[in-house]
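Here the structure is laid out as structure tokens; the discussion comes afterwards.
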Ligand code: ADP
């Protein structure tokens, strides 16, 4: 046991400390720095019966991404209109693009008793969980830790979307900042994203 790497010990400790909720959990919040594996683990959660609650974004769709399933891709104008109409739980700007999660959708999904997950950058997390509409729910918040900084860098470089060297540098710097900040964030559990299938199984189990 003492031989386990620190990150895996952290995963084990946080998972063991999860309270048993009589009525189970309603949804999963999947959080990680850019390149941490939200997209990958999210897809695997979908194979395990979780729906994805799409967020709104002003960024361009990447190849293969579907409007209304992965995200709602909207213009800045539409985004700002929805924001002022009070439709969002939280908004954040990263890499020059706006993102938000929808109050309206959250209510719909909860009312329908759906099993789902929502992903969000570490930057958006605190604001999201502190919204009264979220505070009154039972969720499992999961933070994906990269196995190492080197692996995170490799994964960011290997990702299918085209980002240039400057952007990779920016994202890595941002990841360090996020990992430092999140040490004091109230995540329910940490998961080391070594093997995505293992992580998806673990999250699905803990979300029961
Ligand atoms: P995020 O959505 O958090 O930015 P992604 O899911 O896009 O992260 O993952 C970043 C890159 O790392 C992708 O190319 C993905 O295929 C790869 N990746 C993610 N998780 C793993 C894993 N457990 N093992 C190997 N590669 C992974």
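Rule-based calculations on the coordinates, nothing more; no lab input. For clarity, every value in this text was computed on a predicted model and none was experimentally measured. Positions of Cβ are generated from backbone atoms using ideal geometry, with glycine treated the same way; all protein chains shown enter the neighbour counts.
Inter-label distance, residue 8 to residue 93: 4.3 nm, where each label sits 7 Å from its Cα along the C-beta direction.
Taking every C-alpha pair closer than 8 Å and separated by at least 6 residues, the mean separation divided by the residue count of the stretch 41-106 gives a relative contact order of 32 percent.
For the stretch 2-77, what does the alpha-carbon gyration tensor say about shape, rounded, prolate or oblate, given a ≥ b ≥ c as the root eigenvalues, a/c under 1.5 as rounded, and a/b over b/c as prolate? Prolate is the answer for the stretch 2-77, as a/c is 1.5 or above and a/b outweighs b/c. Subtracting the Cα-Cα distance of residue 112 and residue 154 from 0.36 nm times their residue separation leaves 11.1 nm of extension gain.
Computed over the Cα atoms of the stretch 27-149, what is the convex hull's projected area averaged over all directions, in nm²? Before the final figure, lay out the partial values.
Working: hull surface 31.5 nm².
With the hull built on Cα positions only, its mean projection is 7.9 nm².
Annotation: the residues 95, 178, sorted from fewest to most other C-beta atoms within 10 Å of their own C-beta, follow the order 95, 178. Taking only the Cα atoms of the chain, the ratio Rg/Rh comes out at 0.94, with Rh defined as the Kirkwood radius.
Would you mind classifying the stretch 156-208 by shape? Square roots of the alpha carbon gyration tensor eigenvalues, ordered a ≥ b ≥ c; an a/c under 1.5 is rounded, otherwise it is prolate if a/b is larger than b/c and oblate if not. It is oblate, given that a/c is not under 1.5 and a/b is not larger than b/c. The antiparallel fraction among DSSP beta bridges confined to the stretch 50-178 stands at about 55%.
Taking neighbour counts of Cβ atoms within 10 Å as a proxy for exposure, in what order, fewest first, do 151, 199 appear? Don't skip to the end; give the middle numbers.
On the way: 151 13, 199 23.
The most exposed by this proxy come first: 151, 199.
Spread over its residues, the convex hull of the C-alpha atoms of the stretch 120-208 is 113 Å³ per residue. Look at 198, 52 and count the other Cβ atoms within 10 Å of each Cβ; fewest to most, that gives 198, 52. Secondary-structure-derived ellipticity at 222 nm for the chain, considering helices only, amounts to -12500 deg cm²/dmol, per-run term -39500 (n - 2.57) for DSSP H runs with n ≥ 4.
What is the distance in Å between the Cα centres of the stretch 169-208 and the stretch 64-143? Using only Cα atoms, the two centres lie 18 Å from each other.
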